[in-house]
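The values are calculated or read from the model by the stated rules, or taken from the named source; none is laboratory data. Being a predicted model, the structure only gives us computed values, none of them experimental. Cβ: placed from backbone, ideal geometry, glycine included. Neighbour counts: every protein chain shown. With ligands, DNA and RNA removed, areas are computed over all heavy atoms of the protein, side chains included. Shrake-Rupley method; radii C 1.70, N 1.55, O 1.52, S 1.80 Å.
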Amino acid sequence: MIKLFRNIRQKLLAEGKTSRYLKYAIGEIILVVIGILIALSINTWNEERKEKAIVENVLKNIRVDLQADTTKFARDLKRIPPMLVDSKALLNSTFPDTLSANALYELLPYSAFNYQVKDQSYEKVISAGITDFFEYNTLFEKIDNYYTIDSNAYNVITKWDSDDNIDDGKLWLTMDFEIDIYKGDFYKENDIQFVQNEVNRKAVFLEKLREPTTRNAIKMNTYRKMRMIKTLTEMKQNATQIILEINQQLEE
């Protein structure tokens, strides 16, 4: 092609057709420029297509993390109501008289929720410095809010509950009630003998249950668990909504 253009130029010059030569040369330059612009456009299109594929893969990974979050939030939401029922039974003394000292102690709502939101895929996006998410920019704003504003609020309340649960546990250790080790794979109930007999242990527990310090600790624990329900519900709803939007936009 280049040889053909050269031959045409030489022929025009040989024939003395300078004006036609100039017009032809200008036309040839324009064709070259157009060719370069087309090549650049194709290259840009290919790069954008590759970058968009990366963004879509990131969305799929974030969706997996969000699905794990919603599963855990759902499980925790099922755990809390029975704790509230047990707390109310202790505070209102509506538990059966036949419960043992160990059974009464196990009604205390001292369970923490230490689940950390799965943000590995989101953190990779931040570390990679990706700033253009193409038509997914609005979706990524919601994702960013979930992993910053929503998650921070979640972390604050879970830490509050966890820290105060530890303090509540220490409170019982300083009382005259002899606790049993929690049952597990390496320990069976009453494996270790008590200095206090069952009657005394139960009497001490019931006595402590009537003290304001103990009752206030249980009430505050109950309040934290109710706040946890609100926070977990909001986190689950937000994560579920983002999953739906990811599904919709990836299918379009």
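Numbers at a glance
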quantity	calculated
Using a Förster distance of 45 Å, the FRET efficiency for Lys219-Leu244 (Cβ separation, nearest 0.05)	0.75
Paramagnetic label zone (point 7 Å from Cα along Cα-to-C-beta, Tyr115; backbone N under 16 Å) in the range 183-227	225-227
Residues listed by number, the range 72-101, amide nitrogen under 13 Å from Lys208 label point at 7 Å toward C-beta	101
Computed E for Lys124/Val199 - FRET, C-beta separation, R0 45 angstrom, nearest 0.05	0.15
Isotropic mean projected area of the C-alpha convex hull, the range 152-208 (nm²)	5.5
15 Å reach of a label modelled at Asn61, 7 Å along Cα-to-Cβ, counting backbone N of the range 89-122	118-122
Space enclosed by the convex hull of the alpha-carbon atoms of the range 176-252, per residue, Å³	124
Inverse mean reciprocal Cα-Cα distance (Kirkwood Rh) of the range 85-185, Å	17.7
Per residue accessible area of the range 173-230, 1.4 Å probe, in Å²	70
Ordering of 235-247, 82-94 by packing [mean C-beta count within 10 Å, highest first]	235-247, 82-94
Stokes-Einstein D for the range 79-136, Kirkwood Rh over Cα pairs, 4 °C, 1.567 mPa s (µm²/s)	84
Portion, in percent, of the accessible area of the range 151-242 that falls on carbon or sulfur, probe 1.4 Å	56
Computed lengthening from Lys78 to Trp160, 0.36 nm per intervening residue step minus Cα-Cα distance	27.5 nm
Rounded, prolate or oblate (a/c below 1.5 giving rounded, otherwise prolate when a/b exceeds b/c) for the range 104-252 by Cα gyration tensor	prolate
